[in-house]
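Accompanying notes for the structure given below.
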Amino acid sequence: RMSEDQLIGIIYSQLLEEFGFGYSEKDLWMIAENIAEKIVNQIPQLNDNQKIVFDYLKSNVEQGGKSVMYSIFLLGDWDSRIGAARNVDIAYCGLNGKQEAEVLAAFAQWGLEQEEA
């Protein structure tokens, strides 16, 4: 996976090559940073049910001190989910396979960002 800094460098080089004559290097660098940030932070747009499940997964890590993988295990374990709010159960059961994968993709991206911080 390419780092945000690497992406900034690539975008900056292209901008400099194409538009270097009309803009300051500082302006081009700021544009490159903005573009790279948008690309790196692009998380799939989640629907309401997905957001509820995503928030549940994050809360297991943030407040429960669980690992990212264990948080996913807890979501699939009916007995451990009984203590969760009923809306988490309803939301989880309302997801199809594609929506589940999108939640996991967003959760994985969030987990990577926590490791970098």
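As a length-normalised measure over Cα pairs under 8 Å and 6 or more apart, the relative contact order of the chain settles at 28 percent. In the chain, inverting the average of 1/r over every pair of distinct C-alpha atoms gives 16.5 Å as the Kirkwood radius.
Per-residue 3J(HN,Hα) values for the range 57-74, derived from phi via the Karplus relation 6.51 cos²θ - 1.76 cosθ + 1.60 with θ = phi - 60°, read 4, 5, 5, 4, 7, 5, 9, x, x, 8, 6, 4, 5, 5, 4, 5, 4, 4 Hz in sequence order (x marks Gly and Pro).
Axis angle, to the nearest 10 degrees, between helix 4-19 and the longest C-alpha principal axis of the chain: 30 degrees. In the context of the full set of protein chains, residues of the chain present 67 Å² of accessible surface per residue (probe radius 1.4 Å, heavy atoms only). Residue order by solvent-accessible surface for Phe107, Phe54 is Phe54, Phe107, largest first, with ligands and nucleic acids left out and a 1.4 Å probe. Apolar share of the accessible surface for the chain: 55 percent from carbon plus sulfur atoms, 1.4 Å probe. The alpha-carbon of Lys58 sits under 29 angstrom from the alpha-carbons of these lysines, leaving out residues fewer than 8 places away in its chain: Lys38, Lys66, Lys98.
The values are calculated or read from the model by the stated rules, or taken from the named source; none is laboratory data. Everything numeric in this text was worked out from a predicted model, so none of it was measured. Note: areas computed on protein heavy atoms with side chains; ligands, DNA, RNA excluded. Shrake-Rupley method; radii C 1.70, N 1.55, O 1.52, S 1.80 Å.
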